[in-house]
Amino acid sequence: MAQIKKANGIGDWFDQRLATKKLAKVMMTEYWIPKDINFLWAMGVVLVVMFKLLIISGIFLLMYYKPDAKLAFDSVNFTIMQEVEYGWLWRHIHAVAASFAFLVIYIHMFTAIYYGSYKNGREMIWISGMILFILFSTTAFTGYVLPWGQMSFWAAQVITNLFGGIPVVGDAVVTWIRGDFAVSDSTLTRFFMLHVFLLPLMIVFVIVIHFYSLRIPHVNNQEGADIDFDAEADKYLAGNKKESKVVPFWPVFLAKDFYVVCVTLVIFFFCVFFFYDFSLPGVNFEPANPMVTPKYIYPEWYFLWSYEVLRGFFFDIGPIKAMDIGLIAFAFANVIFVILPFLDRDPRVLPAHKRPRFKIWFWVLMFTMVILTIYGKLPPKGINNVIGFIASMTFITLFLIMPYITKKDAKGAK
Amino acid sequence: MRELKILGVVVFFTVFTYIGVNTYAYSVMKPAVAPADFQFKDLPRNDKIGDASRGAEVFMNAGCIGCHGLESQGIPAPMNDADAAASFGVVPPDLSNAGLIFDSHFLAAVIKNPAKAMLNDHKFNESNPHPMPNFYGLGGDIDQELADIVAYLQSIAPEKVSDEQVYVDACMQCHSIKYTGLMSNKDPILMAKYMGSVPPDLSMFIRSRGADYLETFINNPQKHLAGTAMPRVGLTQAAQEQVVAYIEYAGDRKKDERESLGIKVLGFMIILTILAYLWKVKIWREVH
């Protein structure tokens with residue numbers, strides 16, 4: 001057993017038992033981050049804050065929400081929104097934080113792509129991040145069903161239906177997910193379980209992995225410079241703070257993050273109180289009605305791009321049905337980002353502006369994503385179909401040519 | 001400088017996406033309609049000056065009280081709600097406040113030809129007459145008689161009614177608002193037979209449709225839902241604003257609280273942001 005002495009204070013008491021001083025060093029004061037970064041490096045911490053807001057507001061909502069097809073709508077729109085003190089506030093925070101979380105996830109993700117932070121040892125950071133993205137998506141989707149509004153019901157109907165495209169077992173899978181032949185009370189209750197228990201639990205677990213996966217390869221920097229972290233840390237500790245290329249996580253890195261978080265929260269709370277329609281759309285304030293199909297069915301904005309890849313293929317090719325081509329493309333879109341590190345054949349870690357072909361690739365991808373998102377919402381008719389198709393094709397092509405393009409960049413540099 | 005440039009890029013993509021997904025997409029899905037017309041310009045003008053005391057007589061003789069009550073004048077509804085609904089599909093509203101809440105031109109027109117004024121003539125015709133019969137006059141100048149009835153209804157109307165009362169008089173024969181406990185006296189089956197569909201509960205319509213939509217929709221339902229069975233009710237602008245205020249009370253009664261708290265939270269966050277900035281500058285001065 002360790003040598004336990006009489007403690008000279010609370011801090012020491014804990015330190016003897018839990019090695020808190022060592023822990024603080026490892027986690028905070030001697031966890032080294034490159035100095036050459038910009039505010040985009042704060043998105044991870046912003047995301048943590050959004051996730052905390054979601055958990056806290058979610059706990060309050062959970063106290064009054066009733067996961068029953070007959071009661072859900074009123075428990076949200078009457079009990080929570082109008083009866084319970086500040087219930088509306090928690091709901092607005094919860095809904096707006098979900099949208100913000102996705103916006104920040106996308107920024108975070110494209111930052112990583114731009115700066116090449118997904119390869120050369122950082123693969124696990126990227127992959128665990130993409131798993132988080134998938135978990136967040138599932139959580140958001142199951143959460144959107146809970147208020148049991150018109151769009152809750154119909155989006156659930158349409159999205160769960162997609163699994164019917166799986167060969168052979170499709171129909172069985174759809175029934176298994178819904179717990180019924182159509183979206184119904186049993187669907188609501190199981191989505192409730194997923195949304196408040198299983199998925200958040202998994203998210204917390206994967207967040208821990210995601211953070212841990214940063215420790216060995218370290219955080220990337222603006223120039224992709226290869227930093228000798230031990231040497232730079234020694235410089236910093238010796239007092240050469242200005243020369244050292246690294247800063248400690250606490251307080252230096254977090255001081256900046258805290259500022260970025262505050263700015264984000266100003267915008268966030270503005271949206272919570274005055275500008276919330278984008279994440280609390282009107283259609284969902286109508287109670288679910290299985291008899292009345294809404295004129296337009298669309299998922300939440302953060303799913304629109306992949307939804308449009310699905311819809312983009314609107315014509316049959318030979319014996320293959322449009323729906324099946326769409327489903328294959330949809331499946332492609334949802335896994336392709338995960339294997340990005342292996343599509344990039346350029347071994348160097350560099351920001352896109354130092355990789356001539358990749359740079360073009362990146363900006364074309366950005367515009368394609370935005371176009372897909374916008375056309376994923378628009379009614380699929382006339383010219384919209386054509387634009388959606390071209391954008392979907394562009395999206396797929398981009399990933400198919402990525403190995404080639406990155407290889408050429410690497411060759412060009414030699 | 002570089003950070004500002006990056007910020008510019010992030011803001012550009014965010015705003016561009018927002019405009020595409022919200023502003024633009026909704027303008028495609030819900031095309032704009034002409035503003036509300038509280039003059040009811042499509043209806044024939046009746047320039048006759050009405051006389052309230054003659055109007056009282058016409059009113060009593062025209063058979064209105066065979067269906068409508070006039071509580072304020074001590075005339076109760078002639079039938080109970082269940083019987084009225086069974087006979088007409090809908091309970092004829094009490095007319096005590098009609099002179100105040102309905103536009104005068106509209107009133108004259110609706111008495112003369114209800115289906116036409118309510119823009120329901122696609123639904124009601126000679127073989128399927130509107131439950132409220134057309135008024136063909138008592139033998140005198142029909143326009144004069146109409147003006148007299150309107151003058152009478154206006155003379156007995158109170159100067160002011162509550163928001164809730166406007167809703168009760170104008171909408172409740174068809175719509176419930178369960179979040180304020182005002183349940184329509186309708187029988188859904190009869191109602192569906194009469195209207196073709198059960199009119200929706202309006203509790204959350206302030207959030208599902210928004211005040212702008214309600215304003216043009218109530219003024220003229222056909223503008224948004226061409227061919228709908230929902231009648232144009234002919235409210236004056238003031239009365240319609242009261243109805244919308246009531247619907248807002250039902251579905252968004254925490255609005256004032258939200259807005260006043262919003263200002264305080266934003267103020268707090270801005271101060272915190274300034275402090276955070278100063279702290280950041282202080283910490284980073286050491287390492288830069």
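Could you check the simple spin-label distance between B:Val15 and B:Lys178, using points 7 Å along Cα→Cβ, in nm with one decimal?
Distance between the two pseudo-spin positions: 4.4 nm.
Figure the gain on full extension for A:Lys354 and A:Val338 (residue separation times 0.36 nm, minus the Cα-Cα span) and round it to one decimal in nm.
3.4 nm
Check cross-link reach from A:Lys5 to the aspartates and glutamates: straight Cα distance under 20 Å, and skip same-chain residues fewer than eight apart.
Leaving aside aspartates and glutamates fewer than 8 places away in the same chain, those within reach of A:Lys5 are A:Asp15.
Leaving ligands, DNA and RNA out of it, work out the accessible area of B:Arg258 with a 1.4 Å probe and give it in Å² to the nearest 10.
10 Å²
Hey, for a label at B:Gln222 modelled as a point 7 Å past Cα toward Cβ, could you say which residues of region B:93-122 have their backbone N under 18 Å away?
B:103, B:105-122
Identify the residues of region A:118-158 with backbone N under 17 Å of a label point that sits 7 angstrom from the Cα of A:Lys321 along the Cα-to-Cβ direction, or state none.
Hits in region A:118-158 for A:Lys321 at 17 Å: A:158.
Could you please put A:Trp250, A:Trp126 in sequence from largest to smallest accessible area, using a 1.4 Å probe?
A:Trp250, A:Trp126
Give me the one-decimal nm value for the distance between modelled label points at B:Ala238 and A:Asp12, 7 Å along each residue's Cα-to-Cβ direction.
Reported label-point gap for B:Ala238 and A:Asp12 is 8.1 nm.
Going by amide H atoms built from the backbone, whose H comes under 5 Å of the H on A:Ile33, apart from near neighbours?
A:Val247, A:Phe249
So how strong a dipole does the protein assembly as shown carry about its Cα centre when Lys and Arg Cβ are +1 and Asp and Glu Cβ are -1, to the nearest 20 debye?
4140 debye
Please label the shape of region A:281-350 as rounded, prolate or oblate, based on the square roots a ≥ b ≥ c of the eigenvalues of the alpha-carbon gyration tensor (a/c under 1.5 means rounded; beyond that, a/b larger than b/c means prolate, else oblate).
In terms of gyration-tensor shape, oblate.
Would you mind checking B:Lys41/B:Lys223; B:Lys5/B:Lys264; A:Lys241/B:Lys282; A:Lys359/A:Lys414; A:Lys235/A:Lys354; A:Lys235/B:Lys282 for any pair whose Cα atoms are more than 25 angstrom apart?
B:Lys5/B:Lys264; A:Lys235/A:Lys354
Of the candidates B:Val166, B:Val90, B:Val11, which one comes out as most mobile in a Gaussian network treatment of chain B with C-alpha springs shorter than 10 Å?
For chain B, modelled as a Gaussian network with Cα springs under 10 Å, the answer is B:Val11.
Considering amide H positions built from the backbone, and no H for Pro or chain starts, which residues 5 or more places from B:Phe102, or on another chain, come under 5 Å of its amide H?
B:Thr236
For chain B, state the semi-axes of the equivalent ellipsoid (square roots of 5 times the eigenvalues of the alpha-carbon gyration tensor), sorted largest first and rounded to whole angstrom.
Over the Cα atoms of chain B, the semi-axes work out to 51, 21, 19 Å.
Going by accessible area, probe 1.4 Å, with all protein chains left in place, what is the ranking of A:Phe197, B:Phe59, A:Phe330, largest first?
Result of the area sort, largest leading: A:Phe197, A:Phe330, B:Phe59.
Could you work out what % of the accessible surface of region A:103-238 is carbon and sulfur, using a 1.4 angstrom probe and leaving DNA, RNA and ligands out of the count?
72 percent
Helix-only estimate, please: 222 nm mean residue ellipticity of chain B, summing -39500 (n - 2.57) across DSSP H runs of length 4 or more and dividing by its residues, to the nearest 500.
The per-residue figure over chain B is -15000 deg cm²/dmol.
Taking H as built 1.01 Å from N, whose amide H comes closer than 5 Å to the amide H of A:Gly149, not counting residues under 5 places away?
Amide H neighbours of A:Gly149: A:Ala288.
Which of the aspartates and glutamates could a cross-linker bridge to A:Lys22, judged by Cα under 19 Å and excluding same-chain residues fewer than eight apart?
Candidates past the 8-residue exclusion: A:Asp12, A:Glu30, A:Asp230, A:Asp234.
How much solvent-accessible surface does A:Ile4 expose, in Å² to the nearest 10, with a 1.4 Å probe and all protein chains in place?
The accessible area of A:Ile4 comes to roughly 70 Å².
At 7 Å along Cα-to-Cβ for each site, give me the label-to-label distance between A:Lys25 and B:Asp42 in nm.
Between A:Lys25 and B:Asp42, the label points sit 8.2 nm apart.
From the C-alpha coordinates alone, can you work out the Kirkwood hydrodynamic radius of the protein assembly as shown, in Å?
For the protein assembly as shown, the Kirkwood estimate is 29.8 Å.
Ranked by accessible surface with a 1.4 Å probe, highest first, in what order do B:Glu259, B:Glu286 come?
Correct descending sequence by accessible area is B:Glu286, B:Glu259.
The values are calculated or read from the model by the stated rules, or taken from the named source; none is laboratory data. Keep in mind that this is a model prediction, so the values were computed, not measured. FYI the Cβ positions are ideal-geometry reconstructions off the backbone, even for glycines, and counts take in every protein chain you see. Areas reflect the complete protein model, heavy atoms only, side chains present, ligands, DNA and RNA absent. Shrake-Rupley method; radii C 1.70, N 1.55, O 1.52, S 1.80 Å.
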